[in-house]
Amino acid sequence: GSTDKNMLDVFMQEVGLRLFTALCKHFKRQRISVDGSIKLISDINHYSTFITSLRQKPLLPYFAALRELSQIYLIHIDPPGTYFGGGGGKRISMLSTKATKTSLQSKELAAVIADHERYHGIFPTEEVYEFAERRADWYVVKGDVERAMYGVGCSVM
């Protein structure tokens, strides 16, 4: 028999939203490295192409936000020298105001996490932070990123 176009549109939108939800749950269970982010971006582009083929405009912002979200894994952050013997054996004081390469890269990641407009209102900052916690290097760079996001260690002049 014939199917009403509105019913078919609702079905296609439901398929798209369920795919989006399943992908988000899956990404939150995985550790993703900088190298793995390139494969992730490629996969998300394929999913986005599929969603575009469904011709459901309400779904496009969800997958555009997912493409933007995948960028948080692509940002390379050099490990702090105090962890891996870099920096000539000198420890850098936590109170130092001199910006290290790691802290500058962490600020870049923090800015991407906090940019709510980038995610088309789909992901709040807290949820983007949850995705960022799945970075392979998160435990090494967590302190620098949180310092950049929340201003820990700032001094008032």
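Mind checking which residues of segment 67-93 are part of a loop (DSSP other than H, G, I, E, B), crowded, with 16+ Cβ neighbours inside 10 Å, of a type outside the set (D, E, K, R) and modelled with pLDDT under 85? The answer is I77, P80. Here segment 35-54 is the region considered, the condition is being of a type in the set (A, V, I, L, M, F, W, C) and within 15 Å of Q71 (Cβ to Cβ), and the residue that is surrounded by the fewest Cβ atoms within 10 Å (Cβ to Cβ) is I38.
In this structure, L104 does not qualify as among the aliphatic types (A, V, I, L, M) and either at pLDDT 90 or above or assigned to a loop (DSSP other than H, G, I, E, B) (or both). Number of residues in segment 1-34 that are surrounded by 14 or more Cβ atoms within 10 Å (Cβ to Cβ) and under 15 Å from A65 (Cβ atoms) equals 7.
Kindly provide the set of residues from segment 18-66 that are more than 26 Å from D78 (Cβ to Cβ), polar (S, T, N, Q) and not in a loop (DSSP other than H, G, I, E, B), ordered by number. Of everything in segment 18-66, those that are more than 26 Å from D78 (Cβ to Cβ), polar (S, T, N, Q) and not in a loop (DSSP other than H, G, I, E, B) turn out to be T21, N45, S48, T49, T52, S53. Pairs meeting the criteria (first residue in segment 27-42 and without any contact (Cβ under 8 Å) to a residue 40 or more places away in the chain, second residue among the aromatic types (F, W, Y), beta carbons under 6 Å, at least 6 apart or on different chains) are S37/Y73. In the set (1) among the β-branched types (V, I, T); (2) farther than 13 Å from F20 by Cβ; (3) over 11 Å from the mean Cα position of the chain (by Cα), the condition left unmet by I72 is number (3).
The values are calculated or read from the model by the stated rules, or taken from the named source; none is laboratory data. Predicted, not measured: the structure shown is a model, and the values here were computed from it. Neighbour counts are summed over all protein chains in view; Cβ atoms, including those assigned to glycine, are modelled from backbone coordinates with ideal geometry.
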